[in-house]
Amino acid sequence: MKVLFVYPEFPETYWSFRHALSFEGKRSAFPPLGLLTVSAMLPESWERRLVDMNVRRLKESDIEWADIVFTSAMIVQKDSLERVVGLCKARGRRVVVGGPYVSTSAEHLPYADHIFIGEAETTLPEFVHDLELGIARHIYQAAERPALSNTPVPDFRLAELSRYSAMSIQYSRGCPFQCEFCDIIEIYGRVPRTKSNEQMIAELDALRSLGWRGMVFIVDDNFIGNKRNVKRLLPELVEWSERHNHPFSLITEASVNLAEDDALLKMMQRANFRRVFLGIETPVEESLKEAQKGQNTRRDLLESVRKIQSYGIEVMAGFIVGFDSDPEDIFERQINFIRESAIPLAMVGLLTALPDTQLWRRLEREGRLLKESTGNNTDGSLNFIPQMDTARLIEGYQRILRTIYRSGEYYSRALDCLSHLTQEPEPSRNRLINDIVAFARVALTLGVRDRERVEFWRYIKNSLISHRRNFAHAVRLAAMGYHFRKLTEGI
């Protein structure tokens, strides 16, 4: 059996980092971890190929080679997914589709041969068995959420590692909280399940043996959802990292209550966690209560950010406008919070109702749903009727973006952020060469061709004076700021 894995293309979004990746000579931020994991679950005798359409084009010869095509997508990839399925079906290939999009919207792909709803650890072996017998069903859905103890090491060798800026692994699925707008708890549940320490070390060993060095993203939607197990993992992660001379810098996502646990933060610092994404959403307590995000109302959010930063960990955060409880001055309050918190990578989006979330169901009851979400909460579109005047909400949202990504404003936050970070170790010779090449590319674009080049050189000068050991990261932040600004101009 010849299996072709196809990962559909992402549109240009804030999360794509496309304008920043070009400076590194990379094509995509991360490989498709879900498809790599599925590959590792299939029979060893099956031949495999991966086409990630974010790093190279899907060719007819790829489809002609295959006996069966596996594909997976998030909502934001749905247009590309539908084209992929159409192309493969037109050439008579059997198509298997899974992932977050079809898990909540399977009705949109009736022409796919086989659809996997939810997680596939138990249903994929059943499908392989049925396929061999010629009785494979159209829909596969697990009766319950599987334990992760049998999840294999992803098939990292399928990915073209040199085309990505980071690798990704997963420790847990699920989150204990109940945010109204979140689809994670609908897909993965509210009881976080984790892999064993041995599984995680095996995945790190696999990446290291393939020669990967640099950033590794632990993609959990809430890495500390199961704090007890995380605290068992981190000592081994620290020991592994120190024994191998810190081959990876780690990033992840976590809830704000991370700031309450100094022991946890200290271990994350020792394990070389360099960045954490927080779902802050809003500084307005009434809006947090409306969103059922009570975990953010029990602490001072600004102090929580500063606490995490004090351990040398950069904070990246998500913010939302469009809650029913948002006051008239919400836009200024969001801008001020982002400015005071020294968060350069502030991802601000309009509230969106994702399929089958609590928010979706409430708005449907209230007759306020307009259409399906695009899956991109930063494209300036609304899929529901807000309480605030729509024109005012969208104009205020655009004003936030224009303000926080204006070069002077952004560089000021970046410098504040750099002052909190742990100093980076001396780079290897290869890393140093890559950093020099990346700086040359950034300097040519931002320092010569860009209309805001004066602000860029002022930022570079201040970075060299005050943050010389973190200068490479200062350049990376400048590249990301350029990406955000280019997209903001488009919106």
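Every read-out reported here was derived from the displayed coordinates using simple, explicitly stated rules and does not represent laboratory data. Source: prediction; values computed, not measured. Cβ atoms come from the backbone with ideal geometry, glycine included; neighbour counts cover every protein chain shown.
Here are the numbers for this structure:
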{"read-out": "20 Å Cα-Cα reach of LYS231 towards lysines, excluding residues that sit fewer than 8 places from it in its own chain", "value": "LYS195, LYS266, LYS307"}
{"read-out": "Rg/Rh ratio calculated on Cα atoms of segment 287-344 (Kirkwood radius)", "value": "0.98"}
{"read-out": "Segment 4-97: trypsin sites (Lys or Arg not before Pro) falling in loop per DSSP and having at most 15 other Cβ within 10 Å", "value": "ARG56, ARG57, LYS59, ARG91"}
{"read-out": "Histogram of C-alpha separations across segment 429-490, 5 Å bin width, %", "value": "4, 18, 27, 27, 15, 7, 2, 0"}
{"read-out": "³J(HN,Hα) computed for each position of segment 437-452 - Karplus, 6.51 cos²θ - 1.76 cosθ + 1.60, integer Hz, glycine/proline x", "value": "5, 4, 4, 4, 5, 5, 5, 5, 7, 7, x, 10, 8, 7, 5, 9"}
{"read-out": "Extension gain from ASN434 to SER61, taking 0.36 nm per residue of separation minus the Cα-Cα distance", "value": "130.9 nm"}
{"read-out": "Candidates per GluC sites (Glu not before Pro) in segment 277-341, loop by DSSP, up to 11 other Cβ within 10 Å", "value": "GLU328"}
{"read-out": "Within the chain, longest stretch clear of exposed chymotrypsin sites (Phe, Trp or Tyr not before Pro) (DSSP loop, no more than 16 other Cβ within 10 Å)", "value": "112-491"}
{"read-out": "In Hz, Karplus ³J(HN,Hα) per residue of segment 386-398 (6.51, -1.76, 1.60; θ = phi - 60°; x = Gly, Pro)", "value": "x, 6, 6, 3, 4, 4, 5, 4, 5, 5, x, 4, 4"}
{"read-out": "Euclidean distance of C-alpha centroids, segment 421-488 and segment 1-69, integer Å", "value": "29 Å"}
{"read-out": "For segment 2-141, convex hull volume per residue from C-alpha positions, Å³", "value": "110 Å³"}
{"read-out": "Qualifying aspartates and glutamates (Cα of each under 14 Å from Cα of LYS486; at least 8 residues distant if same chain)", "value": "GLU12, ASP379, ASP450, GLU452"}
{"read-out": "Theoretical ellipticity at 222 nm over the chain - DSSP helices of four or more residues, -39500 (n - 2.57) apiece, nearest 500", "value": "-13000 deg cm²/dmol"}
{"read-out": "Segment 283-354: trypsin sites (Lys or Arg not before Pro) in DSSP loop, at most 11 other beta carbons within 10 Å", "value": "ARG298"}
{"read-out": "Cysteines in the chain that, by Cβ-Cβ distance, have no pairing candidate under 4.7 Å", "value": "CYS88, CYS175, CYS417"}
